[in-house]
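Notes to accompany the following structure.
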Amino acid sequence: MTAPHVLVPVPIPDRVAALIGSCTPAHILQAEFDADCAAREVRRFRGPRLDAEDQADREQALSELARANKVLSAHHPHFVVRPYESW
């Protein structure tokens, strides 16, 4: 019997994360942070009915996500963050 091809999240030690971060340009790290925050904000506004203010906040978060993804995809196409992907 074979196991399904599911990636299991493995914690990265802080020193390894710092080493990876030191090799990545600062604007890419900032765009990754911005994209992650915007994706989280988009996920907050899920539901069948949103009032006008929530809809405007969701659209703002989507535009911030698109802006950050533009920077990330210019660096590498696989860095794009999607609003509804599971972590």
Output the qualifying pairs, or none if there are none: Cβ atoms under 6 angstrom, residues six or more apart or on different chains, first residue in region 65-76 and without any contact (Cβ under 8 Å) to a residue 40 or more places away in the chain, second residue of a type in the set (D, E, K, R) and open to solvent by 60 Å² or more (accessible area, probe 1.4 Å).
68/34
When you go through 17, 52 one by one, which is the residue that is more than 21 Å from residue 81 (Cα to Cα), modelled with pLDDT under 90 and of a type in the set (Gly, Ala, Ser)?
52
Of all residues making up region 29-87, the number that are surrounded by 13 or more Cβ atoms within 10 Å (Cβ to Cβ), within 9 Å of the chain's Cα centre (by Cα), in a helix (DSSP H, G or I) and not small (Gly, Ala, Ser):
8
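Can you report the number of residues in region 11-28 which are free of Cβ contacts under 8 Å to residues at least 24 places away in the same chain, assigned to a helix (DSSP H, G or I) and β-branched (Val, Ile, Thr)? Quick ask: steps written out before the conclusion?
Of all residues in region 11-28, those free of Cβ contacts under 8 Å to residues at least 24 places away in the same chain come to 11-24, 26.
Those left that are additionally assigned to a helix (DSSP H, G or I): 14-23, 26.
Retained after the next criterion (residues that are β-branched (Val, Ile, Thr)): 16, 20.
Of the residues in that region, 2 qualify.
Kindly indicate whether residue 6 is open to solvent by 90 Å² or more (accessible area, probe 1.4 Å), β-branched (Val, Ile, Thr) and over 19 Å from the mean Cα position of the chain (by Cα).
On the way: open to solvent by 90 Å² or more (accessible area, probe 1.4 Å): yes; β-branched (Val, Ile, Thr): yes; over 19 Å from the mean Cα position of the chain (by Cα): yes.
In short, yes.
The values are calculated or read from the model by the stated rules, or taken from the named source; none is laboratory data. The shown structure was predicted, so the numbers you read here are calculated from the model rather than taken from an experiment. Neighbour counts are summed over all protein chains in view; Cβ atoms, including those assigned to glycine, are modelled from backbone coordinates with ideal geometry. Each accessible area value is taken on the protein alone, full model and side chains, heavy atoms only, with ligands, DNA and RNA left out. Shrake-Rupley method; radii C 1.70, N 1.55, O 1.52, S 1.80 Å.
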